[in-house]
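The values are calculated or read from the model by the stated rules, or taken from the named source; none is laboratory data. Please read all numbers here as calculations on a predicted model, not as lab measurements. Positions of Cβ are backbone-derived with ideal geometry, glycine not excepted, and every protein chain shown enters the neighbour counts. Please note that ligands, DNA and RNA were not included when accessible areas were found on the heavy atoms of the full protein model with its side chains. Shrake-Rupley method; radii C 1.70, N 1.55, O 1.52, S 1.80 Å.
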Amino acid sequence: MAKLITRDEWRVVVTGTLDLSVPDGPRLQVRIKDAVIPPQRLGDFGWVSMSDSRVSSDIEGDYQRRCEEIVRALRSQHPGVKAEVMSTTTETCSHCGLVWEEWTTESAARWPAEDYVFGEPLCCDKAQDEWRAARAGVA
Ligand SMILES: [Zn+2]
């Protein structure tokens, strides 16, 4: 297991018209586009704040559920808005901690002299050894 896929920076992105009118008050509508609502941190209880890992054994799942709650609440209050849950996916190497990179057709076009195989990891020797061993096992 060399490639670690993590998802973080969970957020809800909202586009549409929010109706902020109050009964008997002026008509008040706000048009928003790609407004970002970050969820409350898992470890943030208002009166005390802890690290996320102390309060959750499934940080990604908990953030996802928290964002889905925001989407549901928004849709029930403002049926006209489009709200979706977004996150940033990061692929890193479990051996060296660097961002995961593989040899691709684009890399081959840029560096034709190199003789890497497509899909071969580029970050460190350990990842390459593991990848080659896995391939040898399959073949
Ligand atoms: Zn590596």
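Among the candidates GLU60, GLU106, single out the residue that is under 20 Å from the mean Cα position of the chain (by Cα), closer than 30 Å to LYS126 by Cβ and either more than 16 Å from the ligand (Cβ to nearest atom) or without any contact (Cβ under 8 Å) to a residue 40 or more places away in the chain (or both).
Matching residue, one of GLU60, GLU106: GLU60.
Mind checking which residues of the stretch 88-120 are under 29 Å from VAL36 (Cβ atoms) and touching a Cys at 6+ places or on another chain (Cβ under 8 Å)?
Within the stretch 88-120, LEU98, VAL99, TRP100, GLU101 meet the criteria.
Within 21 Å of the chain's Cα centre (by Cα) and free of Cβ contacts under 8 Å to residues at least 40 places away in the same chain: is that true of ARG75 in this structure?
In short, no.
Among TRP111, TRP47, TRP100, which is the only one that is within 14 Å of the ligand (Cβ to nearest atom) and of a type outside the set (Gly, Ala, Ser)?
TRP100
I want to confirm something. Restricting to the stretch 114-131 and keeping residues that are in contact (Cβ under 8 Å) with a residue 12 or more places away in the chain and more than 13 Å from the ligand (Cβ to nearest atom), which single residue is nearest to the chain's Cα centre (by Cα)?
GLY119
Within the stretch 5-28, which residues are open to solvent by less than 90 Å² (accessible area, probe 1.4 Å) and either of a type outside the set (A, V, I, L, M, F, W, C) or on the phi > 0 side of the Ramachandran plot (or both)?
THR6, ARG7, ASP8, ARG11, THR15, GLY16, THR17, ASP19, SER21, GLY25
For the structure I just gave you, tell me whether ALA2 is within 16 Å of the ligand (Cβ to nearest atom) and open to solvent by less than 60 Å² (accessible area, probe 1.4 Å).
When the stated conditions are applied, ALA2 passes them.
For the structure I just gave you, tell me whether SER87 is among the hydroxyl-bearing types (Ser, Thr, Tyr), surrounded by 14 or more Cβ atoms within 10 Å (Cβ to Cβ) and away from the ligand (no atom under 16 Å from the Cβ).
When the stated conditions are applied, SER87 passes them.
When you scan the stretch 23-37, do you find a residue that is touching a Phe, Trp or Tyr at 6+ places or on another chain (Cβ under 7 Å) and of a type in the set (A, V, I, L, M, F, W, C), even just one?
No.
Every residue in the stretch 20-35 that is within 18 Å of SER76 (Cα to Cα) and basic (Lys, Arg), please.
ARG31
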